[in-house]
Amino acid sequence: MSDSRLEQKVVHTTGDGIEEFDNHLPNWWLLTFFGAIVFGVGYWFYFQVFQVGETSQAAWRREVAEIAARSGQNIPVTPQQLLDLSKDPAVLAEGKQLFTSTCMACHGMNGGGTVGPNLTDEYWLHGGEPDKIYGTVRDGVAVKGMPAWGPQLGATRVQAVTAYVLTLRNTNVPGGKPPQGDKFAQAN
Ligand code: HEC
């Protein structure tokens, strides 16, 4: 098929009769070529340099975090729900068992504290409200050596062990660690 718009200037003829032309590159081709370069540079600045757009890695991280949240690691729970759980014998039994297996090493058998603070006094480093305690247990205090239990135990078990810790508040077990933090006047 011959294209009448091209000037068919023969520049070279090979021995077997194949002819080569020295035509200008068609505009549509040049536009695609330079357009791709411009697009590539723009794309790079948009996603990598200025990070205006969300890269596929960032989207992946966000989606994983959303799934983790939906699967229960960050399910919001109200203080009242936690207090109700702290009166449910089945939840407390699970919570106590979790405390013995997971928390006792640092908080003592009865919550009086060893490495970690006394959980049976009126003083709290991170707040003595049910939701504050829940948050501390779930997210931990990494720099101070309190692990984040949310990812390891999942929401339901963090709630159960929090419910159990709520029953330890103000029991002032004998031989407990000296108070740390601020005094919390318990409402219930
Ligand atoms: C490896 C040791 C360790 C383990 C295991 C551990 N904790 Fe802790 N925990 C700590 C330390 C250390 C702190 C004090 C953090 C600080 O100084 O801010 C702490 C703080 C806390 C607090 C906050 C106390 C306050 O005064 O505000 C709560 C509540 C708590 N832990 C509950 C738990 C529960 C429940 C578990 C088990 C699921 C647990 N901890 C397991 C070391 C531990």
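The values are calculated or read from the model by the stated rules, or taken from the named source; none is laboratory data. Model, not experiment: these values are computed from the prediction. Heads up, the Cβs are rebuilt from the backbone with ideal geometry, glycines too, and the neighbour counts pull from every protein chain shown. Side chains included, ligands, DNA and RNA excluded: accessible areas come from the protein's heavy atoms. Shrake-Rupley method; radii C 1.70, N 1.55, O 1.52, S 1.80 Å.
Of note:
- More than 26 angstrom apart: percent of Cα pairs within the chain: 54 percent
- Rounded to 10°, Cα long-axis angle of helix 155-168 versus longest principal axis of the chain: 20 degrees
- Between ILE67 and TYR123, the distance separating the two model label sites (each 7 Å from Cα on the Cα→Cβ line) works out to 4.5 nm.
- Accessible-area composition of region 10-49, carbon plus sulfur, in percent [1.4 Å probe]: 69 percent
- Most to least packed among 126-133, 157-164, 141-148 [average Cβ atoms within 10 Å]: 157-164, 126-133, 141-148
- Per residue accessible area in Å² of region 10-49, where ligands, DNA and RNA are left out and the probe is 1.4 Å: 88 Å²
- Here the translational diffusion coefficient of region 10-49 follows from Stokes-Einstein with Rh set to the Kirkwood radius across Cα pairs; for 10 °C and 1.306 mPa s it amounts to 123 µm²/s.
- The chain: angle of helix 89-98 to the longest principal axis, Cα-based, in degrees nearest 10: 70 degrees
- Between ASN170 and ASP22, the modelled label-to-label distance comes to 9.8 nm, taking each label 7 Å out from Cα in the direction of the beta carbon.
- Anchor LYS96: lysines whose Cα lies under 17 Å away (excluding residues fewer than 8 positions away in-chain): LYS87
- Per residue, the chain reaches -12500 deg cm²/dmol at 222 nm when only DSSP H runs of four or more residues are counted, each adding -39500 (n - 2.57).
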